[in-house]
1. Could I have the simple spin-label model distance between residue 366 and residue 101, label points 7 Å from Cα toward Cβ, reported in nm to one decimal?
2. Please give the length that would be gained between residue 319 and residue 395 if that part of the chain were fully extended, namely 0.36 nm times their separation in residues minus their C-alpha to C-alpha distance (nm, one decimal).
3. Fewest first, what order do 404, 258, 68 take by the number of other Cβ atoms within 10 Å?
4. Tell me the Kirkwood radius of the stretch 244-335: reciprocal of the mean inverse pair distance over distinct alpha-carbon atoms, in Å.
5. Could you order the peptides 365-374, 15-24 from most to least packed, using the average number of other C-beta atoms within 10 Å per residue?
6. Order 338-350, 229-241 from most to least packed using the mean count of other Cβ atoms within 10 Å.
7. Under 1.5 on a/c is rounded, so check that first for the stretch 45-105, then, if it is not, pick prolate when a/b is larger than b/c and oblate when it is not; a ≥ b ≥ c are the square roots of the alpha carbon gyration tensor eigenvalues.
8. Beyond a 28 Å Cα-Cα separation, which of these cross-linked pairs lie in this structure: 43/302; 27/340; 27/354?
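Readers should treat all values here as calculations from the given coordinates under stated rules, not as data from a laboratory. Predicted model, so just to flag it, every value in this text is computed and none were measured. Cβ sites come from the backbone with ideal geometry, for glycine too, and all protein chains shown count toward neighbours.
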Amino acid sequence: MGYPADFEKALQIGRPPTIRTLFPNSKALIVSGKSIDRAMLAKGKAIALAANGRNYFVIRGVLNAAQRANAAVIIEIAKSEGGRTAYCAVNYWNMARIVDALCNEMGITIPVAIHADHYGIKNAADLAAAKVEVPTMFEAGITSIAIDASHLPDDQNLLANLEINPFIPRWAGLETEVGEIKGKAGLSTVPEAKFLIQGLNAHEIFPDWIALNNGTTHGLEASDAGIQVDLTAEIHAAITDYRVSGAQHGTSGNSSERLREIAHKTVTTKANVATALQMISWGLEVNDYGNAQLDADGSFIKVKGEGMGEELWAEIVAYADSKGWKKGDYKSLNLPFENKLLAQPREIRERMAKRVEEFAFKIMTDVFNARDTAPLAIAAILKAGSHDLGPKGAQIEDPAFWTREQIIERAKSICSCKGPEGNFDD
């Protein structure tokens, strides 16, 4: 097939060196996350779908949806989903290969970033391991990363970000996080966000995104009353000078109206969708914003003739019951059943991906306003003349006032509520 001239040029100059090494003959436009952020900013009030590719069908469906919408897109996986102790078969080290293969198979021509989401750092051991592990992830095709040390006190969060940054390529998309994602508990504040962004800025680190705890949780939502739009807008306004976009976590279960409000009233350019896409690919009944519905007995409702085959669903339910798993534990079914899902007849595999495609297309076009952002990402690459778009911001803070000792001292004045203990990694 013939490709547009701009696409061909972007393919030559826009793919990071790691991607060119891995896929020298590829026609997949795998790019830095920076390109995706810039495209959304160029359109204005637009958000890129960042799809957690928990299974092959999610990735396939989202890529097809992005192609239909002509939208730049992010395929991601979190550390809990795809790290060394993963509960998904898709992981940090094979995700780029899956995306590249699918893009070439299906003739996908939109820019795609490969994002390592929620790379958690909770202690000194995690930080030491990260210095070894993070480079291997980029060698395997990751083009963007979220460093999540938000479980730590504010000073340790900042210091962990500073210490791991030399191991992240300068060309890569970069997300940082303040406030562990856990719903209404431990909401992020303006002082916390400013402290993190100012401290990074002083050390010439310019994140593309900041993720907040602005009221949502991960996983299954009981209602759509999660995201606090006004809080998000207030924090984004407070860091305007640093030119950091917002990353919205925990979108599954939030209404389309709430997500549109985030797009229109904040500087959010990336929104993660995970649990909804998994449930949709399996063929479960969901409402219009992707929240899985339950029957009178509190069980998931499998739509006959949608998603996986009925016999396999019965086997999955029996397996979960044998483990004593609750509804929130069903995510752990991804790893033991991925091969069985792939071994289904073509018709079933195709309908699983198609169901994801239809849902993702609607989100991209009707909710996130991301239609026709692919050419804007390509334009940003061509303007830069490189895979490296450089930072959006510039150094404002004086590094002399942000030494390790001063960071620890400054943090003492921040009123911070981390909320309850728990595992909030997804």
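1. In this crude label model, residue 366 to residue 101 measures out at 3.3 nm.
2. Values: separation 76, 0.36 × 76 = 27.36 nm, distance 5.37 nm.
Here the segment from residue 319 to residue 395 would lengthen by 22.0 nm.
3. Result, fewest neighbours first: 404, 68, 258.
4. On the way: mean 1/r = 0.0681 Å⁻¹.
Hydrodynamic radius (Kirkwood, Cα only) of the stretch 244-335 equals 14.7 Å.
5. Values: 365-374: 21.8, 15-24: 17.6.
Ranking, from highest mean packing down: 365-374, 15-24.
6. Numbers: 338-350: 13.4, 229-241: 16.8.
Result, highest mean Cβ count within 10 Å first: 229-241, 338-350.
7. Details: a/c = 2.52, a/b = 1.53, b/c = 1.65.
Oblate.
8. Values: 43/302 38 Å; 27/340 30 Å; 27/354 23 Å.
Pairs exceeding 28 Å: 43/302; 27/340.
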